[in-house]
Structure formats: C-alpha cells, structure tokens
Amino acid sequence: MGTVRFLLALCVVVTHAKGGSIFGLTLFSGISAVQCFYVISGFLITMVLNERADYAQLSNFYLSRYLRLWPCYIVVALASLVLTRQNWLAQLSQLVHWGDVAFLALSNLTLFLQDWTLFLRFDAGHLVPTDAFGTWPGPQVNAFLLVPQCWSIGVELVFYLIAPFVCRRVSTLVALLGFGLVTRLVVAALHPPALDPWVYRFAPAEMMLFAAGGLAWFRGRAIYASRPLLAKRACGVSIALFVALVFGSEFVTPLVAAFGGLSRPLLLLNWPFLLLMIFAVAPLFFGARSHRLDKALGELSYPMYLCHILVGTLIATWLPERWQAGNALYVAAVILASIALDMAVVKPVDAFRQRLGARAPASGHATASDVKLAIPSAA
C-alpha cells in the first residue's frame, strides 16, 4: 500500500506545482487523491481498532493518532510562520476582532477545526458562515492556515473521534456509510451555489468514504489474510493500475470524461476510480505489508503532504525562474524534505507511540509502520 500512498501524495504535490504538471505531464486529480486517502484511512483505522488490544483504551487511541499527526505538522507550521508568514498576525488582526483571531490561532496550533475555515468568510471584523467561500471578494479565511492543505486533517480528526464507536462492527460501518451517502444526496439536492467545498471538503459527506475503507478491511481480511499468493498477485495488478492512473494522463483523461466526471446526484468526482480504491485497498495492504521498499515509500506520504506548499513557496521566492522549469526541482526538494522530516520527527515520535498500541502485534498481523497514515490534500 505504501507505493500507492506515495503516488497519491505525488499527485497532490504536482497539483500544487506551477502549471499543475511535471515536465508538462498532468497527474491524476488531486481531489480524487485526497478522497482515496480517506478510504485508506478508514481501512487502516478499522484494522488497528480490531487488532490492537492496547487501543481498547480510548485515551491510547486518541493520543496515538494525535501524535502521529501533530509533531510533524507543528514543525512545518512554525517553519512556515518564520520563513514565509512573518506578517500573519498583523494581517489577520486587520480583518477580524481578537476573538476570531484567537480561534484561528488555536486551530493553527492544534490542527482542530481547520476544515471549518472553508465554511467561513470575513465580514465586518467577524467570521461568518458561507456556503461558497471561494466566491467572496478579498482574502479567504483558509488562506490564514499556516499549512493551508491541512484543512483535510480537520476532516480526518472527525473520523478519528467517532472511529472507536463505529469501526469495530460491520453494522455500524454500514450505518456510517449510509449516513455519508444520505448527506451527499441531501447536499446535492439543495444545489449549493458552488461545488467547492461540497465536493470533497464537507466532513459528514466524506464519512461515506471512510466507512467504505473500513468495510473493505472486514471483507479483505476474509479473502486475503490466509491467501498470501492471491494477495500478492492482486496487489501487483492494483499497483499497475494505479501507476497507469497516475501517469497515463493521455489514456485516463478520456475515461474520466466518459465515466468519471461528476456524479451530480452525489456531488462526487471520478467515482469509478474511488471504487477502484475501495476494491484495491485490501490486496494492496495484505499483498505488500512485508515489503520494505513499499513501506519506506509510504512513510514519506504524510511529510510530503505537509511540506510541499512551503517548499514550493520557498523555491518560487528564492530560486531563479530557469531552475523552476518543469517542476522537477520542486518535486525532488519535497521528497528530500520529507525524508528529513521522517527521520528527524516522525520516527522519534513513533518510538513513543509504540507504548500506546502502535507496536508490531503477533505474527500474521500488520506491523507498526503499516498504520502510519498519510493524508495529502488538494488546496
């Protein structure tokens, strides 16, 4: 699964590159890559909650999940504040009163409620609700996130909050799937004035994809856990399909136009490819969980998600234009920065997380590194 996580993160990195391409090649939709990560997250969280005895204690689960996300995030957020956002507080204080400044400061500090910034706008010194944040003149509230793509972590944290109560049984996951499906149908029927943020940023609607990933774990365990050869073969096919999906833009674009498009009743983009992710997530996990290179690639996906906008900003600000051509330097710098974050921050924190349940269980189950999530996001 790590290879696919890396490829999905790469899609998000390139989506935010100048021109949205690398050497003229446009990769798979960053929006759909984000939603594929929701499916992966649902799968992995369902797995750990059912296989890790230490996670029976809620505090262990919540603390472990938060420690997986926050330390690396706060390093990037502080780097962004120091290197590129020195006037953040002064600019914000000119737009809203101190109570709203405190809300945004707390969200930037803790990671919580960052998705809410997509449903707010500035109005006469206050933050007020909006159903189309990108249509209002002036600065957008989410522009004051120190790591702007971390709105998706807010969606992720909503799932973490309810996961211990819904991921241990098929029936409750089916209920969550139904809840997300109905939410999408209702939102679409209300005809929101703008597709963004409703297509992939509204947490209640995205619960459908988390639940689908959780159900894929129950089904995949029954099919692949005791059939390693079948799992490896299905994994190989799945990786080949995702490589073609990510890099075969000339082949995939007509398929997207013909089949993927926008499902208007569900406000869902590229739904056939999300179905592919749902069916592929189990063989990707069971077929490659002992592969060291696959795991190493997967380790980089979350740091890539966190640092790529900061790296891109620094490159655009400080390096000559000719060095930026093709975006190869940008992508290489993101990967190198991700390796540094993984070694300097993620791995030391994980040594502590192992005491909370993120440790290798008995033979035949997943290893600790299998459950390190990465949730890249489009802007």
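Order the peptides 156-162, 106-112 from the highest to the lowest mean number of other Cβ atoms within 10 Å of their residues.
156-162, 106-112
How many angstrom separate the Cα center of the range 1-20 from the Cα center of the range 151-208?
So the separation of the two Cα centres works out to 23 Å.
Rounded to the nearest 5, what % of DSSP beta bridges with both residues in the chain are antiparallel?
Counting DSSP beta bridges with both partners in the chain, the antiparallel share is about 90 percent.
Which of Val34, Leu245, Leu173 sits farthest toward the positive end of the charge dipole of the chain, with +1 on the Cβ of Lys and Arg and -1 on the Cβ of Asp and Glu?
Result: Leu173, furthest along the dipole toward the positive end.
Which residue, Thr317, Thr130, Thr84, tops the fluctuation ranking in a GNM of the chain built on C-alpha contacts under 10 Å?
Most flexible of the set in this elastic network: Thr317.
Please give the charge dipole size of the range 1-90, origin at the Cα centre, charges +1 on K and R Cβ atoms and -1 on D and E Cβ atoms. Round to the nearest 20 debye.
180 debye
When the chain is treated as a GNM, springs tying every alpha-carbon pair under 10 Å, which of Asn142, Asn327, Asn87 comes out with the largest mean-square fluctuation?
Comparing Asn142, Asn327, Asn87 in the GNM, the peak value goes to Asn87.
Over the range 14-104, what is the mean sequence separation of C-alpha contacts under 8 Å (at least six apart), divided by residue count, expressed as relative contact order in percent?
Relative contact order here is 9 percent.
By how many nm would the segment from Leu25 to Gln91 lengthen if fully extended, with 0.36 nm per residue of separation less the alpha-carbon distance?
My answer for the length gained is 20.1 nm.
What nm distance separates the two modelled labels at Ala124 and Ala244, each placed 7 Å from Cα along Cα→Cβ?
Distance between label points: 5.8 nm.
Which residue, chosen from Phe218, Leu190, Met277, occupies the Cα position most advanced towards the positive end of the dipole of the chain, where the dipole is computed from +1 (Lys, Arg) and -1 (Asp, Glu) charges on Cβ about the Cα centre?
So the residue we want is Phe218.
What's the extension gain from His291 to Ser59 if we count 0.36 nm per residue and subtract their Cα-Cα distance?
Residue separation times 0.36 nm, minus the Cα-Cα distance, leaves 80.4 nm.
Could you give me D for the range 163-247, from Stokes-Einstein at 37 °C and 0.692 mPa s, where the hydrodynamic radius is the Kirkwood radius over C-alpha pairs? Units µm² s⁻¹, please.
Estimated diffusion coefficient is 218 µm²/s.
Please work out how much length the chain gains when fully extended from Ala143 to Arg169, using 0.36 nm per residue of separation minus the C-alpha to C-alpha distance, in nm with one decimal.
Using 0.36 nm per residue and subtracting the Cα-Cα distance, I get 5.5 nm.
What fraction of the Cα pairs in the chain, stated in percent, has a spacing above 38 angstrom?
Taking all Cα-Cα pairs of the chain, the fraction more than 38 Å apart is 14 percent.
For the ranges 293-303, 44-54, 262-272, 181-191, what's the packing order if you count other beta-carbon atoms within 10 Å of each residue, average per peptide, and put the highest first?
293-303, 44-54, 262-272, 181-191
Just how large is the dipole of the chain about the Cα centre, in debye to the nearest 20, putting +1 at every Lys and Arg Cβ and -1 at every Asp and Glu Cβ?
Using only the charged Cβ atoms, the result is roughly 1080 debye.
Give me the distance in nm between label points sitting 7 Å out from Cα along the Cα-to-Cβ direction at Ala132 and Glu321, one decimal.
3.5 nm
If I take R0 = 35 Å and measure r between the Cβ atoms of Ala194 and Gln354 in this structure, what FRET efficiency does the formula 1/(1 + (r/R0)^6) give, to the nearest 0.05?
The computed FRET efficiency comes out at 0.20.
Mean Kyte-Doolittle of at least 1.6 plus a Cα span of 15 Å or more along the axis: flag which DSSP H helices in the chain meet both, please.
Taking the DSSP H segments of the chain (at least 15 Å long, mean hydropathy at least 1.6), we get 2-15, 151-166, 170-189, 228-247, 271-288, 328-341.
Please list 68-79, 143-154 highest first by mean number of surrounding beta-carbon atoms within 10 Å per residue.
143-154, 68-79
Alpha carbon centre of the range 295-358 versus the range 105-148: separation in Å?
If we compute the Cα centre of each part, the gap is 25 Å.
Measure off 7 Å from each Cα along the Cα-to-Cβ vector at Leu329 and Thr84, then give the distance between these two points in nanometres to one decimal.
Roughly 1.6 nm, to one decimal.
Run lengths n ≥ 4 of DSSP H only: what is the helix-derived mean residue ellipticity at 222 nm for the chain, with -39500 (n - 2.57) per run over all residues, to the nearest 500?
-20000 deg cm²/dmol
What do you get for Rg/Rh of the range 109-253 when both radii come from the Cα atoms and Rh is the Kirkwood radius?
Using Cα coordinates only, the ratio equals 1.06.
None of the figures in this text is laboratory data; all of them are computed from the coordinates on show. In this text the structure is predicted, and so the values were computed from the model without any measurement. Cβ sites come from the backbone with ideal geometry, for glycine too, and all protein chains shown count toward neighbours.
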